[in-house]
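J.: Right, I'll just put the structure down here and ask away after.
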Amino acid sequence: MNFLKRILLVEDSPRDAELALHALAAHNLANEVLHLQDGAEALDYLYRRGEFSDRAKGNPVVVLLDLKMPKQDGIEVLRQIKGEPGLSTIPVVVMTSSREDRDLQAAYRLGVNAYVVKPMQFKDFVDAVKQVGTFWAGLNEPPPGSAPRSERPKY
Amino acid sequence: MGTSTQPSDSPVKVLIAEDSPTQAQRLRHILEQQGYEVGVAANGRLVLEMAPQFRPALIISDVIMPEMDGYELSRRIKADADLRNIPVILVTTMSDPQDVIRGLECGADNFVLKPYDEHYLLGRVRYVLANREFQRPQDAGMGVELYFNDKRHYITAGRLQILNLLLSTYDAAIQRNAELSQAQEELRGINAALAEVNRRLEQESRQREEAQQSLRESEQRLRSIVDNMATFVGEITPDGVLVDVNRAALESGGLQRQDVIGKRFEEAGWLSYSPAVQARLGEDIERALRGETVRHDMITRMADGALVPIDFMLVPVHDGEGRVVKLIASGIDITERKYFEKTLQEKNAALEAANQELESFSYSVSHDLRAPLRHIDGYIQMLVEDTASTLSSEARRYLNVITDASRQMGQLIDDLLAFSRMNHAEMHETQVDLGALVQNGIRDLEMPTQGRNIVWKVPPLPTASGDPAMLKQVFANLLGNAVKYTRPRDAAEIEIGSAGEEEGRLVLFVRDNGVGFDMKYADKLFGVFQRLHRPDEFEGTGIGLANVRRIIGRHGGRVWAEGKTGEGATFYFTLRPSAPAHRP
């Protein structure tokens, strides 16, 4: 795979991923999203190793990270991203069902850029995903070395 | 008698013959005090040399002197025509009647008995001086021969001289007698005193004996106490040598008294199982010698070889000057305590593990149980979006029911999680203004009270001690319930107040005139997910009052309810009042 997408969604639940993509699609952000199903895959992608060794250079402008995942969980992925000089500037937004203190503590200690609890009701969920997507992939100026903005659709 | 009165300008001269300078000095002093002029010669010969020039009115002579004694001196003077009129007083101990005869033989005029007192001597001197005039005319003395003690004596003395001598002898005898009587008297006194002393000594000795007896009894009593204690006790010298141990200590180690007394403590058997423990005891003794009371758990070896934990203590005993003179070692078998400690630790660990499990359970509940609900909700919404136009109204109603059900399930999960968290949440107790808490609680109910006619009765409330966030939750639940269950009332009345004290705690209440409840279900009110109404009557998950009870319980108080179906309900709870010092 040699593509580079601007939003990396790391989410083990295909349903949650589908719901998130549905929400992003409603705001024309779906094409910008690469969905990976676990932490190990995400790290391979970010480090450009394994099956991602030949992908184009550059970092996503934001990583949307679930916490509870098999193999390497979100906290571990966050630790590695923030501990790696080449990756530490990538904005990471934790998106999780957990409002537990220990997860909040751990995430912020490791330097998470935002922490969003997935709302229970779909309407609220869609709204939350839209806000996160438009802010980080639109309004926010990403650090140098991030994936370039795709061609704006011509009017 | 004209010559016997002494003109003040010419003192009467007295010549003293005395070989002891101390005696001579004393005599001179006595006489000079009385105005006599005194000459001193160390022996008879010197008197004879001095007398012709000195011309004394009186010679006082000691009897025993070197070269020439008092008798010889007296004899020479009386034989000398020029000196014979000078009276001679012999100072003698008069220890022998022979002395009287020798005095007469030598012609001495008078005697002074040694030892003499001042008045006696001066009386003698004055008497002799006063009588010397009479002596001269009766000069001629008839010689008399007499035998005394198988000796022949030839006495030529005049009658006056003899009289004088005898008188002075008699006087001396009386004096001696008086002295003897006095001595006897004193002796009697001394004897009486001695008897008294003796009596006291006997009494003291009796008392000492009694004291010793009671000391022995007291020692035996103490010994029996010490020996019958379960505590092991030993006395150690500052060098670490055992001086005494009680029975419990001996029996614990299966040791005999004679085997341990005089031995070093660490070598006496209890601790010899481990050089490390022996070394530790050595350090303990050093510390105790510095005045420290040492106390720690230790392992001792029992008679059967079992190693048993004891609470060991080493206490220094000081003397009056602060020196450590001995150490008292004691030990209490703490096998049971250790056992319970261990059991408690295990129980604690188990509890900890259970808590941990519960926590990870609630964690997974929060994460895993919510996700499917979110999915249900999400996919139904997507379904509705995609098929809105083709669905029958009945199908849409079904989807609404599914959505409602999943939301209700989500609410139950959230409430259960909050309830579970309440058990683990740390409490931060401070002074809480209940009045302000109630006002905030009412303000937060703005939404559900919109369009309602509610009469709030809130008198001034006291300050209580508690966790502000938790107590806020209590009022939110109780006030929320009051608002909810008065929904059919116009006007609703809700009263918050304080109803005195119970065992030093404030009793507070929230009363409403709502639908009330049947008192036979009063117990069920505070159970988790317990409800007395159907969800279509009054919404809710049944966790609010369970939370209230849990919070008040964590504050050490209690909560209860009174009510009647259709006539409202009152919820009571107790809280610790804030400390008086903190009261505004």
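J.: Which values, in whole Å and largest first, are the semi-axes of the equivalent ellipsoid of the protein assembly as shown obtained as the square root of 5 times each eigenvalue of the Cα gyration tensor? Working shown, then result.
T.: Details: eigenvalues 3575, 259, 182 Å².
Three semi-axes, in Å: 134, 36, 30.
J.: Can I ask one more? So for chain B, averaging the separation of alpha carbon pairs under 8 Å that are six or more residues apart and normalising by length, what relative contact order in percent results? Provide the component values of the computation, followed by the final result.
T.: Values: 827 pairs, mean separation 35.4, N = 584.
Averaging sequence separation for qualifying contacts and normalising by length gives 6 percent for chain B.
J.: Something else: Skipping prolines and chain starts, which residues have an amide H placed within reach, meaning under 5 Å, of the one on A:L9, given they are 5 or more residues away or on another chain?
T.: Distant-sequence amide H within range of A:L9: A:L34, A:H35, A:L36, A:L64.
J.: Considering amide H positions built from the backbone, and no H for Pro or chain starts, which residues 5 or more places from A:S146, or on another chain, come under 5 Å of its amide H?
T.: The list, which skips near neighbours in sequence, is A:N59.
J.: With unit charges on the beta carbons (Lys and Arg positive, Asp and Glu negative) and the dipole taken about the Cα centre of chain B, which residue among B:T565, B:G410, B:L48 sits farthest to the positive side?
T.: B:T565
J.: Apply the Karplus curve 6.51 cos²θ - 1.76 cosθ + 1.60, θ = phi - 60°, to the phi angles in the stretch B:557-565 and return the couplings in whole Hz, x for Gly and Pro.
T.: x, 9, 9, 8, 9, 10, x, 8, 3
J.: Here's a follow-up. Residue farthest toward the positive end of the dipole of the stretch B:163-270, with Cβ of Lys/Arg at +1 and Asp/Glu at -1: which of B:V241, B:L165, B:Q212?
T.: Towards the positive end, the residue furthest out is B:Q212.
J.: Based on Cα coordinates alone, diagonalise the gyration tensor for chain B, multiply each eigenvalue by 5, take square roots, and list the semi-axes in whole Å, largest first. Don't skip to the end; give the middle numbers.
T.: Values: eigenvalues 3492, 253, 90 Å².
For chain B, the ellipsoid semi-axes come out as 132, 36, 21 Å.
J.: Could I ask something else about it? Quantify how strongly other chains surround peptide A:112-120 by giving the mean number of their Cβ atoms within 10 Å of each of its Cβ atoms. Provide the component values of the computation, followed by the final result.
T.: On the way: counts 0, 0, 0, 0, 0, 2, 5, 4, 14.
Other-chain Cβ atoms within 10 Å of each residue's Cβ, averaged: 3.
J.: Right, something else. So for the protein assembly as shown, taking the charge dipole from beta-carbon charges (+1 Lys/Arg, -1 Asp/Glu), which of B:N191, B:F517, B:G556 sits furthest toward the positive end?
T.: Sorting the options by dipole projection puts first B:F517.
J.: Another question about this same structure. Over 22 Å apart: what share of the alpha carbon pairs of the stretch B:169-294 falls there, rounded to a whole percent? It would help to have the intermediate numbers written out before the result.
T.: On the way: 4937 of 7875 pairs.
Across the stretch B:169-294, Cα pairs with separations above 22 Å total 63 percent.
J.: Continuing with the same structure: If you place +1 on the Cβ of every Lys and Arg, -1 on the Cβ of every Asp and Glu, and leave all else neutral, what size is the dipole of the protein assembly as shown about its Cα centre, to the nearest 20 Debye? Walk me through the numbers on the way to the answer.
T.: Working: 88 positive and 106 negative charges, 337 e Å.
I would put it at about 1620 debye.
J.: Just tell me how shielded B:374-384 is by partners: mean number of partner chain Cβ atoms within 10 Å of each residue's Cβ, no decimals.
T.: Going residue by residue through B:374-384 and averaging, the value is 6.
J.: Whole angstrom only: what separates the Cα centroid of the stretch B:418-432 from the Cα centroid of the stretch B:194-219?
T.: Comparing the Cα centres of the stretch B:418-432 and the stretch B:194-219, I get a distance of 75 Å.
J.: Which whole-number percent gives the relative contact order of the stretch B:398-499, counting Cα pairs below 8 Å spaced six or more residues apart? Kindly include the intermediate steps, with their values, before the conclusion.
T.: On the way: 82 pairs, mean separation 34.0, N = 102.
That works out to 33 percent.
J.: Could you grab the relative contact order for the stretch B:426-582? Cα pairs under 8 Å, six or more apart, rounded to a whole percent. Provide the component values of the computation, followed by the final result.
T.: Working: 295 pairs, mean separation 39.6, N = 157.
After rounding, I find 25 percent.
J.: Still on this structure, I have one more. Output wanted: per-residue J couplings in Hz (rounded whole) for the stretch B:345-355, from phi through Karplus 6.51 cos²θ - 1.76 cosθ + 1.60, θ = phi - 60°, x for Gly and Pro.
T.: The phi angles translate into 4, 5, 4, 4, 4, 5, 4, 4, 5, 4, 4 Hz.
J.: Sorted by packing (mean other beta-carbon atoms within 10 Å per residue), highest first, where do B:424-430, B:244-250 land? If you can, show how the numbers build up before the last one.
T.: On the way: B:424-430: 11.0, B:244-250: 20.6.
Peptide ranking by packing, descending: B:244-250, B:424-430.
J.: Show the residues, 5+ positions off or on another chain, whose built amide H is closer than 5 Å to the amide H of B:V91.
T.: Here the answer is B:S61, B:D62, B:V63, B:V112, since their amide H atoms fall under 5 Å of that of B:V91.
J.: Taking θ as phi - 60°, what are the ³J(HN,Hα) couplings along the stretch B:24-29 by the Karplus curve (6.51, -1.76, 1.60), each to the nearest whole Hz, with x for Gly and Pro?
T.: 4, 5, 5, 4, 4, 4
J.: Out of all DSSP beta bridges with both ends in chain B, state the antiparallel percent to the nearest 5.
T.: Values: 56 of 77 bridges.
So the antiparallel bridges amount to about 75 percent of the total.
J.: A further question on this structure: So, in Å, what gap is there between the alpha-carbon centers of the stretch A:36-82 and the stretch B:381-404?
T.: Their Cα centres are 38 Å away from one another.
J.: Based on DSSP, what percent of beta bridges with both residues in the protein assembly as shown are antiparallel, to the nearest 5? Walk me through the numbers before you get to the answer.
T.: Details: 56 of 93 bridges.
Around 60 percent of the beta bridges assigned by DSSP in the protein assembly as shown are antiparallel ones.
J.: Quick check: from the Cα gyration tensor, does the stretch A:1-82 come out rounded (a/c under 1.5), prolate or oblate? Don't skip to the answer; put the middle values down first.
T.: On the way: a/c = 1.84, a/b = 1.14, b/c = 1.62.
Since a/c reaches 1.5 but b/c is at least a/b, the shape of the stretch A:1-82 is classed as oblate.
J.: Nearest 20 debye, what's the magnitude of the dipole of chain B about its Cα centre given +1 on Lys and Arg Cβ and -1 on Asp and Glu Cβ? Please list the in-between numbers first.
T.: On the way: 68 positive and 85 negative charges, 183 e Å.
Charge dipole of chain B: 880 debye, to the nearest 20.
J.: Still on this structure, I have one more. Using only DSSP helix segments of four residues or longer, with each worth -39500 (n - 2.57), what per-residue ellipticity at 222 nm results for chain B after dividing by its residue count and rounding to 500?
T.: On the way: 16 runs with 281 residues, N = 584.
Result for chain B: -16000 deg cm²/dmol, rounded to the nearest 500.
J.: So, with +1 on the Cβ of K and R and -1 on the Cβ of D and E, and no other charges, what is the size of the charge dipole of the stretch A:7-132 about its Cα centre, to the nearest 20 debye?
T.: Values: 15 positive and 19 negative charges, 62 e Å.
My answer is approximately 300 debye.
J.: Let me ask another. Work out the mean other chain Cβ neighbour count within 10 Å for the residues of A:94-102 and drop it here as an integer. Mind dumping the intermediate values first?
T.: Numbers: counts 0, 0, 3, 8, 6, 6, 7, 3, 2.
Mean inter-chain Cβ contacts per residue within 10 Å come to 4.
Readers should treat all values here as calculations from the given coordinates under stated rules, not as data from a laboratory. Keep in mind it's a predicted model, so treat the numbers as computed, not measured. Methodologically, a virtual Cβ is constructed for each residue, glycine included, from the backbone with ideal geometry; neighbour enumeration extends over all protein chains shown.
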